[in-house]
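Each remark here refers to the structure printed beneath this line.
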Amino acid sequence: MDFTFSEEQEAVRGLAADVFAARSRPERITEVESSAERIDRELWRELAGTGLLGIALPENLGGGGTGLAELYVLLEEQGRHVAPVPVWPHVLGALAISEFGTRQQREALVPSAADGSRILTVGLEEFGPYVAGEPSTTAIEVDGAWQVHGAKAAVPAAHAAERVLVSANTDTGPALFLVDPEVAGVTAQQAESTTREICANLTFDAAPAEPVGPADGTAVRWLLERVELALAAAQLGVGEGAVRQAVTYLNGRTQFGRPLATFQAVTHQLADCYIDLEAMRVTLWQAVWLLANGEDPGTAVLVAKWWATDGGQRVVHRTQHVHGGIGVDTDYPVHRHLLWGKQLAATLGGASSDLARLGAQLAAGVEVVA
């Protein structure tokens with residue numbers, strides 16, 4: 001395995017870093033958080049205009065055609081700047097449609113997703129304990145048309161999305177379905193997420209839906225693996241951004257005539273952050289490399305998800321702690337990284353859920369990729 005970034009990937013990283021640094025300053029994020037939509041539309045247009053929003057989508061459908069690795073590079077940079085735009089649910093929804101959708105679905109939705117004129121999202125989480133790939137939401141076929149019943153929790157950016165890609169169980173297995181959130185049969189209850197973004201609890205009562213891909217669990221597993229790595233990539237960026245803020249603060253703040261960064265207790269805390277971040281990084285890119293090269297990831301995706309969930313929370317808590325009293329100020333920039341870290345760690349199950357799933361995989365004889 002070679003985790004060295006290619007010249008193209010480095011170019012994506014540099015461009016993304018420039019865009020997020022220019023458009024996601026703390027004062028701008030505060031302004032967006034006080035808006036009704038909570039989405040930075042100016043940044044969204046910038047990401048679309050530079051080609052970053054569609055970087056991983058197929059070239060023949062208006063995207064950049066680069067692949068998964070470039071998407072996760074983009075998400076890492078977004079996490080570093082905690083930028084309020086729904087990149088991962090939008091792009092991964094479009095990727096699933098381009099992979100499994102009909103020609104009509106691909107041509108109708110993917111080009112407009114690549115240029116940012118249409119927002120897509122995904123609904124995978126439900127109320128109650130999270131069980132990966134086993135939705136309690138159901139879909140039935142009535143007179144040749146599909147209907148979805150059930151509910152999805154905390155669907156990101158559902159208030160701005162034109163289509164929601166949801167997982168639902170059928171008689172033959174789990175499948176993905178496209179639902180228009182504005183049609184009869186869909187009820188949305190808006191809520192504010194931990195990151196201060198708007199999400200929605202969606203209830204489906206015979207909501208009309210279009211199937212996307214086979215109803216045998218294949219498409220759902222495909223999407224779940226990529227979403228879990230998207231969360232891990234964003235969490236890695238969040239942790240790196242938090243540590244960067246901590247280093248700047250500790251080098252500039254003095255006590256007893258010395259910078260706080262020179263105190264042993266502080267350096268130990270940041271050393272622990274470094275260890276967690278490196279573990280998050282290597283497990284993330286191992287899993288990404290396997291998926292990008294068509295290899296069976298075995299337990300690699302879940303290991304990366306667990307490190308991001310468990311280690312990511314430790315990093316954002318430590319960095320807030322070393323800021324002292326100012327770290328508990330909810331208006332101080334590092335607090336936003338804490339909120340992002342906590343939400344990402346709870347999405348699609350927390351650390352205990354990840355460990356339980358990993359244990360079940362090992363007990364079932366799933367190969368451990370070393």
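The values are calculated or read from the model by the stated rules, or taken from the named source; none is laboratory data. Every value quoted in this text rests on a predicted model; they were computed, and no experiment measured them. Every residue, glycine among them, receives a Cβ derived from its backbone with ideal geometry; neighbour counts consider all protein chains shown.
In the condition set (1) out of contact with any helix residue (DSSP H, G or I) (no Cβ under 7 Å at 6 or more places or on another chain); (2) under 28 Å from Glu107 (Cβ atoms); (3) in a helix (DSSP H, G or I), Leu71 is compliant with all but (1).
Among residues of segment 241-269 that are free of Cβ contacts under 8 Å to residues at least 24 places away in the same chain, those with a beta-carbon under 6 Å from a residue that is in a strand (DSSP E or B) at least six positions away or on a different chain give the pairs Asn251/Pro259.
The single condition among (1) at pLDDT below 95; (2) within 16 Å of the chain's Cα centre (by Cα) that Val85 does not meet is (1). For residues that are surrounded by 22 or more Cβ atoms within 10 Å (Cβ to Cβ) and assigned to a helix (DSSP H, G or I), tally how many sit in segment 45-68. Looking only at that region, the number is 1. Note on segment 171-194: residues that are buried (at least 19 other Cβ atoms within 10 Å of the Cβ) and assigned to a strand (DSSP E or B) total 7. Just one residue in the set Glu278, Glu240, Glu210 is in a helix (DSSP H, G or I) and closer than 28 Å to Pro156 by Cα; that residue is Glu240.
Within the bounds of segment 137-147, is there any residue that is buried (at least 19 other Cβ atoms within 10 Å of the Cβ), part of a loop (DSSP other than H, G, I, E, B) and more than 19 Å from the chain's Cα centre (by Cα)? Yes, there is a match, as at least one residue in segment 137-147 is buried (at least 19 other Cβ atoms within 10 Å of the Cβ), part of a loop (DSSP other than H, G, I, E, B) and more than 19 Å from the chain's Cα centre (by Cα). Total residues in segment 96-136 satisfying the condition of being surrounded by fewer than 14 Cβ atoms within 10 Å (Cβ to Cβ) and either touching a His at 6+ places or on another chain (Cβ under 6 Å) or aromatic (Phe, Trp, Tyr) (or both): the figure is 1.
Of the residues Ala22, Ala36, Ala83, which is among the hydrophobic types (A, V, I, L, M, F, W, C), free of Cβ contacts under 8 Å to residues at least 40 places away in the same chain and part of a loop (DSSP other than H, G, I, E, B)?
Working: Ala22 fails: part of a loop (DSSP other than H, G, I, E, B); Ala83 fails: free of Cβ contacts under 8 Å to residues at least 40 places away in the same chain.
Ala36 is the lone residue from the list that is among the hydrophobic types (A, V, I, L, M, F, W, C), free of Cβ contacts under 8 Å to residues at least 40 places away in the same chain and part of a loop (DSSP other than H, G, I, E, B).
Listed conditions (1) assigned to a loop (DSSP other than H, G, I, E, B); (2) buried (at least 22 other Cβ atoms within 10 Å of the Cβ) are all met by Ala219, apart from (1).
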